[in-house]
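The values are calculated or read from the model by the stated rules, or taken from the named source; none is laboratory data. Predicted, not measured: the structure shown is a model, and the values here were computed from it. All Cβ positions, even for glycine, are placed from backbone atoms using ideal geometry, and neighbour counts span all protein chains on display. Surface areas here come from the heavy atoms of the whole protein model, side chains and all, with no ligands, DNA or RNA. Shrake-Rupley method; radii C 1.70, N 1.55, O 1.52, S 1.80 Å.
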Amino acid sequence: MEATIRLKRDLAYTGTILKIYRDTVVANGIEEVYDYIHHDGAAAVLPVTKDGKILMVRQYRNALNRFTLEIPAGKVDAPDEPRIECAYRELEEETGFRTEKLEYLMTINTTVAFCDEAIDVFLAKDLIPSKQNLDADESIDVEEWEVKDLLELIYTGKMTDGKTVAAIMAFAQKEGIR
């Protein structure tokens with residue numbers, strides 16, 4: 001395999017959560033231009049109730065122009081914010097529950113072909129009722145789901161959010177749920 005070298009990176013656009021770059025790269029002796037999207041990162045939480053159900057959030061996603069069923073998640077407030085702090089915050093803001101202890105589950109890169117977004121996923125048990133504190137532009141419904149029913153949504157193609165699918169599959173494997 002020949003070396004791949006980035007010759008230059010030019011900032012093309014700065015948005016509210018993304019920076020889009022145009023990279024000039026030499027790969028296999030051929031100069032190419034690639035789009036590259038930078039994202040500061042995010043955290044997600046798989047909240048498990050005392051009776052083993054998963055708290056899910058239903059919210060509108062503009063990119064898909066529909067409502068989706070997901071685990072709670074959000075972007076870091078600053079590039080250097082520890083992801084676990086982001087996870088604690090997002091759990092409480094989106095679900096109205098908090099926990100004293102989060103357990104690291106995994107890190108996923110959402111779209112490796114053109115974006116560096118990484119999401120740390122945590123497991124939350126021993127949930128403590130608190131208060132939902134949504135951002136002004138958020139409208140989120142919280143729902144309790146059985147793991148087996150979430151797996152069915154995944155297997156039938158009705159649940160497609162990558163972080164949610166990965167978290168549920170990892171949790172089900174860890175807990176021996178089929």
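Key figures
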quantity: Selection from the range 114-150 of residues that are small (Gly, Ala, Ser) and at pLDDT below 95; calculated: Ala136, Ser139
quantity: Flag if Glu100 is touching a residue at least 60 places away in the same chain (Cβ under 8 Å) and part of a loop (DSSP other than H, G, I, E, B); calculated: no
quantity: The range 104-137: number of residues that are within 16 Å of the chain's Cα centre (by Cα) and open to solvent by less than 70 Å² (accessible area, probe 1.4 Å); calculated: 16
quantity: Segments classed as strands (runs of 3 or more DSSP E), wholly inside the range 1-88, with at least 2 members that are touching a residue at least 12 places away in the same chain (Cβ under 8 Å), out of contact with any Leu (no Cβ under 6 Å at 6 or more places or on another chain) and farther than 15 Å from Asp120 by Cβ; calculated: 4-14, 18-27, 30-39, 54-61, 66-70
quantity: Some residue of the range 47-54 being open to solvent by less than 90 Å² (accessible area, probe 1.4 Å), among the polar types (S, T, N, Q) and touching a helix residue (DSSP H, G or I) at 6+ places or on another chain (Cβ under 6 Å); calculated: no
quantity: Residues of the range 104-148 that turn out to be free of Cβ contacts under 8 Å to residues at least 24 places away in the same chain and part of a strand (DSSP E or B), as a count; calculated: 3
quantity: Verdict on Tyr36 being open to solvent by less than 60 Å² (accessible area, probe 1.4 Å), in contact with a strand residue (DSSP E or B) (Cβ under 8 Å, 6 or more places away or on another chain) and either farther than 18 Å from Gly162 by Cβ or modelled with pLDDT under 95 (or both); calculated: yes
quantity: Subset of the range 55-75 that is open to solvent by 10 Å² or more (accessible area, probe 1.4 Å) and aliphatic (A, V, I, L, M) - its residue that is nearest to Glu144 (Cα to Cα); calculated: Leu69
quantity: Residues located in the range 154-178, provided they are closer than 18 Å to Arg61 by Cα and touching a strand residue (DSSP E or B) at 6+ places or on another chain (Cβ under 9 Å); calculated: Lys158, Met159, Thr160, Asp161, Gly162, Lys163, Thr164
quantity: First in the range 164-178 and under 13 Å from Leu153 (Cβ atoms), second anywhere and open to solvent by 70 Å² or more (accessible area, probe 1.4 Å), Cβ under 8 Å, 6 or more apart; calculated: Ala172/Arg178
quantity: Among residues of the range 22-33, those that are open to solvent by 60 Å² or more (accessible area, probe 1.4 Å) and over 21 Å from Glu117 (Cα atoms), counted; calculated: 5
quantity: The range 79-95, residues that are in contact with a Ser or Thr (Cβ under 7 Å, 6 or more places away or on another chain) and surrounded by fewer than 22 Cβ atoms within 10 Å (Cβ to Cβ); calculated: Glu92
quantity: Residue under evaluation Lys19, criteria (1) among the basic types (Lys, Arg); (2) under 15 Å from the mean Cα position of the chain (by Cα); (3) open to solvent by 60 Å² or more (accessible area, probe 1.4 Å), criterion not met; calculated: (2)
